[in-house]
Amino acid sequence: MGSTLGDVLTREKLLSDDQLKRALEYQKKHDVPLGSAFISLNLVSEEDMAHALSRQLGYPYIDLNQFELFPEVIELVPVDVAKKHLIMPVHRIRSFITLAMVDPTDLDVIEDIKFRTGLSIQPVVASESAILNAISRYYGTSSDIRVKQILDEIETGDDTRISIMEDEEDDYSVEEIVQSTEQAPIIKLVNTVFIDAIKKGASDVHFEPYDESFRIRYRLDGTLYEMMNLGLKYKNPVLSRVKILSTMDIAEKRLPQDGRIKMKAKLETGVKKEVDMRVSSIPTIFGEKIVARILDKEMLQLDLTHLGFETETLKIFQQNIIKPWGIILVTGPTGSGKTTTLYSAISVLNSMEKNIMTAEDPVEFYIKGINQVNIKEAIGLDFAASLRSFLRQDPDIMLVGEMRDFETVDIAIKAALTGHLVFSTVHTNDAASTITRLANMNVEPYLIADSVILVVAQRLVRKLCDKCKVEDNLLPEQLIDLGYREDEVKKIKVFKAEGCSHCSNTGYKGRIAIYEVLQINDDMRRLILDKAQSKDIKKIAVSRGMSTLRRSGLNKIKDGVTSVEEVLRETIKDE
């Protein structure tokens, strides 16, 4: 029925036949409504299209920004349906529902909503941006309506057992706090927050108290977004509920605590998900801040070919991880995907013939067939102690969560030199500076040269949304300044983030790693023995063909995977 919309616009002389053909091809390629295709191609403005439809079809035009919509009406249409069809339920009178639409000629959508709601549909016309704004405003994070209902239930309820404890009170009753968190509205609110975060693919949930507000944020694709801003009255009940779920001491508010939640969530699709959450609390000046890290097994990508390696760097990585002994180090800041890379490597090596043991702080994901140990420094079970124990367990491959002290490094080197393959991480800026970091930990150069076989540096960049990315017209000089060679510039097409309903108007969907792989060959060993500086090691490695983090990022830009802004944020220009 989309062609009817094209007929209306051609009759109004807002479109030519050729433009309509272009839009239909765009619609088919990108799987978007025809109205969105017109707007994306800048063929018709939103307002012109809306007013033309109103004139031609006789449907009223409305400005959604001037309407206050009610939850009971919005709940009639699921958020995913509203986003897919660009519609918004506006009003209900008895058996009729007023439905704002970008394309009221689409009878398939009208029939779908009629079937879902059992109501007769009265279409009205609204612009695409107005509908998207309304979806964002009222559906918000897709749980905002539910949260509002829960908060209204708390506000209007007769149950006054929810007691708000002041931080200054020393004589508060733990029993009162427990009682306040066991009320249905608070339980529903916390559950809704976690389920929504899981559904969106968030990696972390932040509960943050401030002087005048209580904020909840999600980290999506590495970036924090505010999802709710609640009144201070909800701070203590919500934080206490999270602490109870994670088996923390709710009476202790002065010291940091760690906990864990195992949750089984049933999503709107009916799918049941089991996720683990690592929970951490820390006292701030306005109360405790709690962060829950969501460990979703389904989000774990263990296929080396999909992590972001270029063809040549992947080949080098695969050649080294099958070696019988040596140390392979992965470096990068916290949250750069090091654990995923290590898990992917040992998953490739996991077989009945291999005894693989890991020491992690903590174990994030369980991998069948691998012996995983949780570090507990409070009782003396640190990385060094675990490694020493591993050597008495007849291991073939060992993974150490982090090499942070000389003792751990020393044991790892001895293990590598006695026929074991050791994987671990360090925190450095690039691959070459890892060698300097080990030397600063008082490791002798000859031991580094003899034991380390590969160093991998990595960062995570956000992937451009395939539905809405647009070409970025950068000047050749700008591309050269980024690091491209002059002979490359003429062939490069660069894209940038635009934003659409599919990616929550961020322009990005998912993340991918960029890699720098330094193979310790004879040239590198000589430099290490000569105590060369990291810049010299990097310079020689690049001259021998090593792809740097910036070059890996440039390749991702050239392939249309990420944007210039993302690569500039995570890398520095090669000297």
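The values are calculated or read from the model by the stated rules, or taken from the named source; none is laboratory data. What you are looking at is a predicted structure, and each value in this text was computed from that prediction instead of being measured. Counting neighbours? That spans all protein chains shown, and the Cβs are built from the backbone with ideal geometry, glycine included. Ligands, DNA and RNA are stripped out before the accessible areas are found, and what is left, the full protein with its side chains, is counted by its heavy atoms. Shrake-Rupley method; radii C 1.70, N 1.55, O 1.52, S 1.80 Å.
Condition test on Glu128, is it open to solvent by 10 Å² or more (accessible area, probe 1.4 Å), closer than 18 Å to Gly6 by Cα, in contact (Cβ under 8 Å) with a residue 60 or more places away in the chain and among the charged types (D, E, K, R)?
yes
Could you check Pro104 against (1) over 15 Å from Ile135 (Cβ atoms); (2) surrounded by fewer than 19 Cβ atoms within 10 Å (Cβ to Cβ); (3) in contact with a strand residue (DSSP E or B) (Cβ under 7 Å, 6 or more places away or on another chain) and say which number it fails?
(2)
Could you grab me the full set of residues in segment 210-242 that are of a type outside the set (D, E, K, R), part of a strand (DSSP E or B) and farther than 17 Å from Thr284 by Cα?
Tyr218, Leu220, Thr223, Leu224, Tyr225, Met227, Met228, Asn229, Leu230
Those residues that are of a type in the set (S, T, N, Q), in contact (Cβ under 8 Å) with a residue 60 or more places away in the chain and out of contact with any Phe, Trp or Tyr (no Cβ under 7 Å at 6 or more places or on another chain), I need them from segment 445-492; list them, please.
Keep residues of segment 445-492 that are of a type in the set (S, T, N, Q), which gives 451, 458, 473, 478.
Among the residues that remain, those that are also in contact (Cβ under 8 Å) with a residue 60 or more places away in the chain are: 451, 458.
Within segment 445-492, just Ser451 meets the criteria.
With a cut-off of at least 2 residues that are open to solvent by less than 40 Å² (accessible area, probe 1.4 Å) and modelled with pLDDT of 90 or more, name the strands (runs of 3 or more DSSP E) lying wholly within segment 318-412.
Filter on segment 318-412 gives 326-331, 356-360, 397-400.
Scan segment 503-541 for residues that are part of a strand (DSSP E or B), closer than 21 Å to Arg437 by Cα and among the β-branched types (Val, Ile, Thr) and report the count.
Total satisfying the criteria: 1.
Which of the residues spanning segment 416-469 are closer than 24 Å to Val542 by Cα, open to solvent by 20 Å² or more (accessible area, probe 1.4 Å) and part of a loop (DSSP other than H, G, I, E, B)?
Listed by number, the residues that qualify are His427, Asn429, Asp430.
Can you find a residue that is of a type in the set (A, V, I, L, M) and over 30 Å from Asp559 (Cα atoms) anywhere in segment 309-328?
yes
Yes or no, residue by residue, for (1) out of contact with any His (no Cβ under 6 Å at 6 or more places or on another chain); (2) under 30 Å from Ser129 (Cα atoms); (3) open to solvent by less than 40 Å² (accessible area, probe 1.4 Å):
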position	(1), (2), (3)
Asp487	yes, no, no
Lys490	yes, no, no
Lys509	yes, yes, no
Ile520	yes, no, yes
Leu527	yes, no, yes
Lys531	yes, no, no
Thr548	yes, no, yes
Gly553	yes, no, yes
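Among residues belonging to segment 271-312 that are outside any strand (DSSP E or B) and over 24 Å from Asp221 (Cα atoms), point out the one that is least open to solvent (accessible area, probe 1.4 Å).
Phe286
Return the residues of segment 228-270 that are loosely packed, with under 12 Cβ neighbours inside 10 Å, touching an Asp or Glu at 6+ places or on another chain (Cβ under 8 Å) and modelled with pLDDT of 80 or more; say none if nothing qualifies.
Lys262
Scan segment 118-150 for residues that are within 18 Å of His91 (Cα to Cα) and at pLDDT below 85 and jot them down.
If the condition is that a residue be within 18 Å of His91 (Cα to Cα) and at pLDDT below 85, then Ser127, Ala130, Leu132, Asn133, Ala134, Ile135, Ser136, Arg137, Tyr138, Tyr139, Ile145 are the ones that fit.
If you go through segment 23-39 one residue at a time, how many are surrounded by 15 or more Cβ atoms within 10 Å (Cβ to Cβ) and closer than 19 Å to Pro104 by Cα?
11
In this structure, does Lys338 turn out to be without any contact (Cβ under 8 Å) to a residue 12 or more places away in the chain and under 32 Å from the mean Cα position of the chain (by Cα)? Reasoning before the result, please.
Working: without any contact (Cβ under 8 Å) to a residue 12 or more places away in the chain: no; under 32 Å from the mean Cα position of the chain (by Cα): yes.
For Lys338, the condition - without any contact (Cβ under 8 Å) to a residue 12 or more places away in the chain and under 32 Å from the mean Cα position of the chain (by Cα) - is not met.
If I filter segment 476-496 down to residues being modelled with pLDDT of 85 or more, within 26 Å of Ser40 (Cα to Cα) and not in a helix (DSSP H, G or I), which single residue comes out as nearest to the chain's Cα centre (by Cα)?
Here the residue is Lys496.
Just to verify a result, which residue in segment 83-139, among those that are in a strand (DSSP E or B) and of a type in the set (Gly, Ala, Ser), is nearest to Ser45 (Cα to Cα)?
Within segment 83-139, the first condition is being in a strand (DSSP E or B), and the residues that meet it are 87-93, 96-101, 120-125.
Of the ones still in play, those that are also of a type in the set (Gly, Ala, Ser) are 100, 120.
Details: Ala100: 18, Ser120: 30 Å.
Looking at the filtered set, the residue picked out is Ala100.
Against the condition assigned to a helix (DSSP H, G or I), over 16 Å from Val109 (Cβ atoms) and out of contact with any Asp or Glu (no Cβ under 9 Å at 6 or more places or on another chain), how does Glu68 come out, does it pass?
no
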